[in-house]
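Down below is the structure, laid out as structure tokens.
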Amino acid sequence: MTDAAAPPTVLDVVNALDRRYPRDWAEPWDRVGLVLGDFAHPVERVLCVVDCVPETVEQALAERADLIVAHHPLLLKPVSSIAPDTFKGRVIHRLIRGDVALYAAHTNADIANPGVSDALAARLDLLDLRPLVPASGPGAGGGRGIGRIGELAEPMTVAEFTGFVAIRLPATAAGIRAAGDPERMIRTVAVSGGAGDSFLGDVRRAGVDAYLCADLRHHPASEHLAEGGPALLDVAHWATERPWLDEVAVWLRGEFGVEVVVSDVDTDPWTVHAVGTLEVKETQP
Ligand SMILES: [Zn+2]
């Protein structure tokens with residue numbers, strides 16, 4: 001038993017996060033868990049972020065956070081240097097000098113229950129949630145899996161749902177695009193936090209009316225619709241995963257009584273969105 005008055009250490013919080021998001025639930029290509037940090041350092045303040053980038057590292061230092069819990073791994077691909085003339089090297093130096101530990105829960109948090117897509121679905125008031133792709137392997141069972149399917153309390157059109165999503169999710173410059181007939185009525189919706197191209201076949205087989213995710217592209221989206229697939233909503237990547245941070249923050253406060261700040265620094269790369277007014281005219285030969 002630890003002294004009730006003493007703050008938890010980095011090791012205490014890491015162990016609890018690892019129990020909630022076991023590392024072997026992550027995809028084989030993923031890199032999750034503690035990235036850097038002193039196990040014995042006390043944790044009084046935590047900052048939850050989608051991306052560990054210079055802007056959120058500065059926020060962690062300004063907030064005097066002892067630990068960053070991030071969704072995206074800082075070091076997904078192998079590196080042979082963390083020299084400070086690279087952006088990741090600079091981030092690592094800033095964190096170590098500032099005594100800020102960094103932890104990532106990525107695909108292991110995606111499939112968890114509750115996980116990233118539960119928080120996204122909750123923002124949209126979806127009911128009767130079930131996984132879009134049930135987890136297999138070490139994470140199987142327990143309602144775990146990629147994405148969530150749920151029901152809207154009241155059916156609405158694709159256009160109405162797009163407007164509803166826009167007011168329920170954090171605003172970004174990129175905004176929200178929808179594909180398919182705007183007047184199509186929808187009730188059953190699939191959502192998946194982050195890039196969602198690879199689950200288009202799953203949403204077709206699931207028979208949902210609409211699918212919301214991030215990072216959709218022209219050809220996969222066009223072919224999906226041509227094959228009669230559900231309407232698509234393409235949301236800024238950061239906005240689909242930001243709701244999860246609130247859920248993690250509530251859990252961390254309850255588990256350890258620590259202060260937790262949720263970052264609203266929009267780390268989506270897109271910063272400008274314009275809609276042109278030039279009418280397309282047929283060109284003369
Ligand atoms: Zn993501």
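A few notes on this one:
- Meets criteria (in a helix (DSSP H, G or I) and either in contact (Cβ under 8 Å) with a residue 40 or more places away in the chain or not hydrophobic (A, V, I, L, M, F, W, C) (or both)) for LEU132: no
- The number of residues in the range 36-56 being surrounded by fewer than 24 Cβ atoms within 10 Å (Cβ to Cβ) and away from the ligand (no atom under 16 Å from the Cβ) comes to 12.
- Residue that is farthest from the ligand (Cβ to nearest atom), among those in the range 59-71 that are assigned to a loop (DSSP other than H, G, I, E, B) and free of Cβ contacts under 8 Å to residues at least 60 places away in the same chain: ARG64
- Near pairs, Cβ below 6 angstrom, 6+ apart or cross-chain, from the range 79-104 (under 18 Å from ALA62 (Cα atoms)) to any residue that is surrounded by fewer than 15 Cβ atoms within 10 Å (Cβ to Cβ): ARG90/PRO84; HIS93/PRO84
- Pairs linking a residue in the range 245-261 that is on the phi < 0 side of the Ramachandran plot and open to solvent by 60 Å² or more (accessible area, probe 1.4 Å) to a residue that is acidic (Asp, Glu) and assigned to a helix (DSSP H, G or I), with Cβ atoms under 7 Å and 6 or more positions apart or on different chains, do not occur.
- Residues considered: ALA140, ALA174, ALA119, ALA195. Of these, the only one that is open to solvent by 40 Å² or more (accessible area, probe 1.4 Å), within 16 Å of the ligand (Cβ to nearest atom) and on the phi < 0 side of the Ramachandran plot is ALA195.
- Residue within the range 44-58 that is part of a loop (DSSP other than H, G, I, E, B) and more than 22 Å from PRO269 (Cα to Cα) present: yes
The values are calculated or read from the model by the stated rules, or taken from the named source; none is laboratory data. Please read these numbers as outputs of a predicted model, since none were measured by experiment. FYI the Cβ positions are ideal-geometry reconstructions off the backbone, even for glycines, and counts take in every protein chain you see. SASA here: full protein model, heavy atoms, side chains in, ligands and nucleic acids out. Shrake-Rupley method; radii C 1.70, N 1.55, O 1.52, S 1.80 Å.
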